[in-house]
Amino acid sequence: GTIGASTYSLFQIMTLESWSMGIVRPVMEVYPQAWIFFITFILLTTFAVLNLFIAIIVDAMTQEHQEEEEASRSVLGSDHDQIMAELRALRGELAEMRGQNRV
């Protein structure tokens, strides 16, 4: 067949869509040892596709975690600035009180 037909057949085998009756059995009648190729191909492509799905899920979770972390940093940053301003004001008041007590 053509490259396109071969690619489509391999895609059918990879997705396990009518691969047994439509592709493997006719090939096995002519080439009985072809099961080695088919089993190896199915195992490798299934492993690769599963890893792709896992990578997509992990990437989405990582992005979500980074967004949450950035949001919490911005909230903590504004709280930190406010607390530091209050602390400076308290230190200033304390310094004034100490100065008044010495006089």
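Laboratory data are not the source of any read-out in this text; all were calculated from the coordinates shown. None of the values given here were measured: they were computed from a predicted structure. In this analysis, Cβ positions are derived from the backbone assuming ideal geometry, glycine residues included, and neighbour counts consider all displayed protein chains.
In the chain, a dipole from Cβ-located charges (positive for Lys and Arg, negative for Asp and Glu) runs towards its positive end, and of 82, 23, 92 it is 23 whose Cα lies farthest in that direction.
On the principal axes of its alpha carbon atoms, the chain extends 110, 22, 19 Å, with the longest extent given first.
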